[in-house]
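Structure first, commentary second.
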Amino acid sequence: MQAMIVAVTREVSSSMEACELTHLARRPIDIACARAQHAAYRECLRELGLHVIALPPEDEYPDAVFVEDPAVVVDEIALIARSGAESRRGETESIARELAKYRPLVWMEAPATLDGGDVMRAGRTLFVGQSARTNAAGIRQLAAAVEPHGYRVQPVGICGCLHLKSAASWLGEDSVLVYRPWVDAAAFTGMRLIDVPEAEEQAANVLLVGDTVLVATGFPETAARVADAGRKVRAVGNSEVRKAEGALTCCSLIFGVDGQV
Ligand code: CIR
């Protein structure tokens, strides 16, 4: 039996224009275009061999498409997070219901807060952004949940962006794509750093699937540097979720399931 790789996704909310915004000015969002881009993203994941689960939209939660934030899934458990944005806390219910099919759940408790967008996994290390969304208690509860399973949790300072993964993405092995003005890159000492150029500051969030890396369209220099690092590159349009301060990793929760195929 082979492992199956699952990607949990959720359709864009028709209310996405009322999303949380921290670093960006509000701009009109074309919901039809956002949905078409999301469908293309799901199709790309399918083409890469993933089993894509598309949950229905939750219009009462404008940011519900960003399924990465309510949970952290590792091989042994799923941690159901408590968002640093109060408006997003209700998103956990349906995500927990879905993840319970695949993993034992651990629930984060107040006063801890954490968004999954702050957690960058690189092998058995979980780098965690110290952000406005993720507090010290959140990092402690994450560590308590995963350290017994052999993971190391490494806090990382960030500044000027929403989440750690706005500034850094794992490219596999020892490589990290990084936009240094937003992250304390000293946390990645010993790893190979590939820099996002200043003109493409929103490009650092990329999604590694096997040996392919999804890069947002419109960032040619970043795409070239990722290709030079030996990865296959797929360009994916995501202009509309970017207006909601989202990116590529935020739109899925990807994890392996043994023995399903
Ligand atoms: C928020 O502020 O929570 C949403 N508008 C964007 C969340 C993006 N999530 C992510 O990067 N993991």
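Read the figures in this text as sums done on the coordinates, not as results from a lab. Keep in mind it's a predicted model, so treat the numbers as computed, not measured. Note that each Cβ is placed from the backbone with ideal geometry, even for glycine, and that neighbours are counted across all protein chains shown.
Structure above, values below:
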{"read-out": "Set of lysines near Lys101 by C-alpha distance (under 29 Å), chain-local residues within fewer than 8 positions excluded", "value": "Lys165"}
{"read-out": "Quarter of the Cα convex hull surface for the stretch 98-202, i.e. its orientation-mean projected area (nm²)", "value": "7.2"}
{"read-out": "The chain - mean residue ellipticity at 222 nm from DSSP helices (-39,500 (n - 2.57) per run, n ≥ 4, rounded to 500)", "value": "-6000 deg cm²/dmol"}
{"read-out": "Ordering of 188-200, 233-245 by burial proxy (mean other Cβ atoms within 10 Å per residue, highest first)", "value": "233-245, 188-200"}
{"read-out": "Residue exposure sequence - Ser166, Ser131 - by fewest surrounding Cβ within 10 Å", "value": "Ser131, Ser166"}
{"read-out": "Footprinting exposure proxy for His51, His38, His163, His149 (fewest neighbouring C-beta atoms within 10 Å first)", "value": "His149, His51, His38, His163"}
{"read-out": "Beta bridges by DSSP in the chain, antiparallel share as percent, to the nearest 5", "value": "45"}
{"read-out": "Net length gained if the chain between Ile31 and Ala132 were fully extended (0.36 nm per residue, minus Cα distance)", "value": "33.6 nm"}
{"read-out": "Distribution of pairwise C-alpha distances over the stretch 13-72, 10 Å bins, in %", "value": "19, 48, 29, 4"}
{"read-out": "Charge dipole of the stretch 130-181 about the Cα centre (unit charges at C-beta), most positive-ward option of Val146, Ser175, Leu164", "value": "Leu164"}
{"read-out": "Volume per residue of the C-alpha convex hull in the stretch 1-138, rounded to whole Å³", "value": "126"}
{"read-out": "Rel. contact order, % - alpha carbon contacts under 8 angstrom, at least six apart, the stretch 1-56", "value": "62"}
{"read-out": "Where only C-alpha atoms are counted, convex hull volume of the chain per residue in Å³", "value": "118"}
{"read-out": "Nitroxide proxy distance, nm - points 7 Å out along Cα→Cβ at Leu24 and Ala144", "value": "3.5"}
{"read-out": "Per-residue Cβ neighbour rank within 10 angstrom, fewest leading, Arg225, Arg89", "value": "Arg89, Arg225"}
{"read-out": "Given charges at beta-carbon only (K, R positive; D, E negative), |dipole| of the chain in Debye", "value": "300"}
{"read-out": "Taking the stretch 74-168 and dividing mean pair separation by its residue count, relative contact order in percent (alpha carbons under 8 Å, at least six apart)", "value": "29"}
{"read-out": "Label-to-label distance, nm, for residues given as Glu109 and Glu47 (7 Å Cα→Cβ offset)", "value": "4.7"}
{"read-out": "For the chain: relative contact order, % (alpha-carbon pairs under 8 angstrom, 6 or more apart)", "value": "24"}
{"read-out": "Positive-end residue, the chain charge dipole about Cα centroid, Cβ charges, pick of Cys33, Gly210, Val236", "value": "Gly210"}
{"read-out": "For the stretch 115-261, size of Cβ-based charge dipole, Lys and Arg +1, Asp and Glu -1, in debye", "value": "220"}
